[in-house]
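The values are calculated or read from the model by the stated rules, or taken from the named source; none is laboratory data. Not measured: the values here are computed from a predicted model. Positions of Cβ are backbone-derived with ideal geometry, glycine not excepted, and every protein chain shown enters the neighbour counts. Note: areas computed on protein heavy atoms with side chains; ligands, DNA, RNA excluded. Shrake-Rupley method; radii C 1.70, N 1.55, O 1.52, S 1.80 Å.
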There are 2 protein chains.
Amino acid sequence: MIIDCHGHYTTEPQQLKDYRERQKLEVEKDPFHQAEEVDLKITDDQLRESVEGAQLKFQRERGTDRTIFSPRASGMGHHIGNASTSLTWSIQSNNLIYRLTQLYPNNFIGVCQLPQSRGTDLRASIGELERCVEQLGFIGCNLNPDTSGGSFDLPPLGDRYWYPFYEKMCELRVPAMIHVSAACNPAFHSTGSYYLSADTTAFMQMLTSDLFSDFPDLKFIIPHGGGAVPFHWGRFRGLADMLKRPPLDELLLDNVFFDTCVYHQKGIDLLVDVMPIKNILFASEMVGAVRGIDPETGHYFDDTKRYIVGNRKLSEADRMQIFEGNARRVYPRLAEALGN
Amino acid sequence: MIIDCHGHYTTEPQQLKDYRERQKLEVEKDPFHQAEEVDLKITDDQLRESVEGAQLKFQRERGTDRTIFSPRASGMGHHIGNASTSLTWSIQSNNLIYRLTQLYPNNFIGVCQLPQSRGTDLRASIGELERCVEQLGFIGCNLNPDTSGGSFDLPPLGDRYWYPFYEKMCELRVPAMIHVSAACNPAFHSTGSYYLSADTTAFMQMLTSDLFSDFPDLKFIIPHGGGAVPFHWGRFRGLADMLKRPPLDELLLDNVFFDTCVYHQKGIDLLVDVMPIKNILFASEMVGAVRGIDPETGHYFDDTKRYIVGNRKLSEADRMQIFEGNARRVYPRLAEALGN
């Protein structure tokens, strides 16, 4: 079985986008606007139509089996609006993911967006995580380490600010993918530099903290191959040494995992050569950041399965770990969601 | 000849550090403090002592010939103080580099720090660049794309804000290494995540701009192997395609170069495998970010010459390009500084 642990619902029906635009207008007029849940009247047929020609088509064409699916990352927009709009926006977004998992139980497994919001603690996020895991059968969440959209002004991930949320993650037995939303800072391009910078930054925050002594069962997936981390693995090993931290495998490789959203063969070759196989989870992020066909190969840039299969060093057992085994370990609720 | 294009004066005499601390206290008391140049009474012997057991020792041990040398990057501190303190601090720092190039003309070639300062244009930087190139024989500069120390609130490098400085660079025939200073933002670890994030971000700013159409002769070195760029080269090629930019080799590979400050063999192997050889400049950043010995190899992490020599695909001609030829092309004033 091939499990893609990183897919976003980037083909949402127009009603959802319109709803969000209305919300933005409301909070522009009134920053304290109290948002309401509304019935967007999105039909099952509209949901089917939105994925049939995209995510499902690619699953079929590429021969992947399941996508661990969450709302569009760039759409989370935690820097926009207030706690109330963030909550209703997250609920609407997560509920659509839930409906897709019900329409396509053999294709999608849910992961939720969180109602993080500037200047608030994580209570609302804890509540929405509980709802999504306990009532909707979701198996994880996307946690945003920089809700400013590019100013990096939240406490680092080792700070106690995050601890109540980590406690709930451990209690519910769900991991988090560390994932920022769109940048609103003109210095950054969201998918080109902001995502990769946030990935690298999150890793270093973990390296310099005692997070995993406090939460031995906490698990994070760092997407996009871990940003710059595998390419600079020597630098990080050397910095851990200089900072008198334990070796990285002891310090965090039971807790931190890297996905395979790296869009060329040589990048994937480095990733699987540098990181232990047990720390690599298959992912493509389709339909996502890079949607074109690589003129050098004739295949989609984000058809990452080809790079895993194309790597010459991986054994069949290694590939099975990357495609399925590691995901089952990192997402303890996956087995149940898969019905086995 | 082996030219290390990225070395910082990280072993400064105590007087220089004390001077900077006094400056910080002065601007704390009075934000409009007008700094004065003072004679720090640093002797030639003190300068010799500061590098004999460090940079020069490593040059000898590792068999490198010249270091393109600049003030400590993390010490530039462009977020600290005001235009006046930034200017005098830069002058003091650059003058010590100059004295070292005079004491050791066969070891060091100067590159300057710039007196960038929050809320100012680049006139002072233009002036200091002119002084360092024309009077001190320097061959380049370090340009800071984020003088906030981690909030990324300057205009992107393609913005007209930077153009007067680029004009001067082209007129003087000098390249810039893109290099942030220490982070003052607790989200970042300076050498672990901030440098790499800024490198990646600078590259994406270049990818999305028409900078090199406007300045065909402008040249930038992105340090630390280009941050995350080579590892994600497929992503950047795909994004250029999606954004309707020309192919990356046309768009920027006559203007953007990557150094070899990547501290493990597999990282260097990826760099030289992915990037054209003509775009790679040898560098170690010694004595810099990572100072220890890699227990896996028994050699210093930052002894990057070993990784270039250890790579199995590079021809002797490739290595000569990386060690010397490319630097001569990227730094047009290097030949003169070398006396040939």
For the subset of the stretch A:124-161 comprising residues that are hydrophobic (A, V, I, L, M, F, W, C) and open to solvent by 20 Å² or more (accessible area, probe 1.4 Å), which member is nearest to residue A:182 (Cα to Cα)? A:154
Filter result for residue A:172 (closer than 20 Å to residue B:151 by Cβ, modelled with pLDDT of 95 or more and not small (Gly, Ala, Ser)): no
Within the stretch A:239-248, take every residue that is at the interface with chain B (Cβ under 10 Å from one of its Cβ atoms) and either under 23 Å from the mean Cα position of the chain (by Cα) or not in a loop (DSSP other than H, G, I, E, B) (or both) and give me the one that is nearest to residue A:326 (Cα to Cα). A:240
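Within the stretch B:95-123, can you find the residues that are of a type in the set (Phe, Trp, Tyr) and open to solvent by less than 40 Å² (accessible area, probe 1.4 Å)? Outline the logic, then answer.
Taking the stretch B:95-123 first, the residues of a type in the set (Phe, Trp, Tyr) are B:98, B:104, B:108.
Within the stretch B:95-123, B:104, B:108 qualify.
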Test: residue in the stretch B:2-14 that is charged (D, E, K, R), open to solvent by less than 10 Å² (accessible area, probe 1.4 Å), at negative phi and not in a helix (DSSP H, G or I): yes
Could you please let me know if residue A:315 is away from chain B (no Cβ under 11 Å), closer than 19 Å to residue A:66 by Cα and among the polar types (S, T, N, Q)? no
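Take residues that are open to solvent by less than 10 Å² (accessible area, probe 1.4 Å) and more than 27 Å from residue B:172 (Cβ to Cβ) and tell me which of the helices (runs of 4 or more DSSP H) falling wholly in the stretch B:249-330 contain 2 or more. Walk me through how you get there before you give the answer.
On the way: elements: B:265-274, B:304-310, B:316-320, B:326-330.
Qualifying helices (runs of 4 or more DSSP H): B:265-274, B:304-310.
For the stretch A:230-248, which residues satisfy the criterion of being closer than 19 Å to residue B:260 by Cβ and open to solvent by 10 Å² or more (accessible area, probe 1.4 Å)? It would help to see each step written out before you state the result.
Of the stretch A:230-248, the ones closer than 19 Å to residue B:260 by Cβ are A:230-239.
Residues satisfying the conditions are A:233, A:237.
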If you go through the stretch A:268-284 one residue at a time, do you hit one that is within 16 Å of the chain's Cα centre (by Cα), away from chain B (no Cβ under 13 Å), touching a residue at least 60 places away in the same chain (Cβ under 8 Å) and over 28 Å from residue B:241 (Cβ atoms)? no
Would you check if there is a residue in the stretch A:28-51 being under 24 Å from residue A:327 (Cα atoms) and touching a residue at least 12 places away in the same chain (Cβ under 8 Å)? yes
Could you figure out which of (1) surrounded by 24 or more Cβ atoms within 10 Å (Cβ to Cβ); (2) free of Cβ contacts under 8 Å to residues at least 24 places away in the same chain isn't true of residue B:227? (2)
Go through B:46, B:59 for me and flag whichever is more than 29 Å from residue B:146 (Cβ to Cβ), open to solvent by less than 50 Å² (accessible area, probe 1.4 Å) and not in a strand (DSSP E or B). B:59
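If we scan the stretch A:63-70, do we find a residue that is open to solvent by 10 Å² or more (accessible area, probe 1.4 Å) and of a type in the set (A, V, I, L, M, F, W, C)? Show your work before the answer.
Filtering the stretch A:63-70 for residues open to solvent by 10 Å² or more (accessible area, probe 1.4 Å) gives A:63-66.
Adding the requirement that they be of a type in the set (A, V, I, L, M, F, W, C) leaves none.
Taking every residue of the stretch A:63-70 in turn, none turns out to be open to solvent by 10 Å² or more (accessible area, probe 1.4 Å) and of a type in the set (A, V, I, L, M, F, W, C).
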Within the stretch B:111-151, residues being under 15 Å from residue B:86 (Cβ atoms), within 14 Å of chain A (Cβ to nearest Cβ) and of a type in the set (S, T, N, Q) number 3
I'd like to check something: does the stretch A:256-263 contain any residue that is touching a strand residue (DSSP E or B) at 6+ places or on another chain (Cβ under 7 Å) and at the interface with chain B (Cβ under 9 Å from one of its Cβ atoms)? yes
Can you report the number of residues in the stretch B:285-301 which are in contact (Cβ under 8 Å) with a residue 12 or more places away in the chain and either closer than 30 Å to residue B:235 by Cα or among the aliphatic types (A, V, I, L, M) (or both)? 7
Do you know which of the residues in the stretch B:27-37 that are part of a loop (DSSP other than H, G, I, E, B) and open to solvent by less than 60 Å² (accessible area, probe 1.4 Å) is modelled with the lowest pLDDT? B:35
Residue hits (the stretch A:149-190; over 25 Å from residue A:97 (Cα atoms), touching a residue at least 40 places away in the same chain (Cβ under 8 Å) and among the small types (Gly, Ala, Ser)) are A:150, A:158
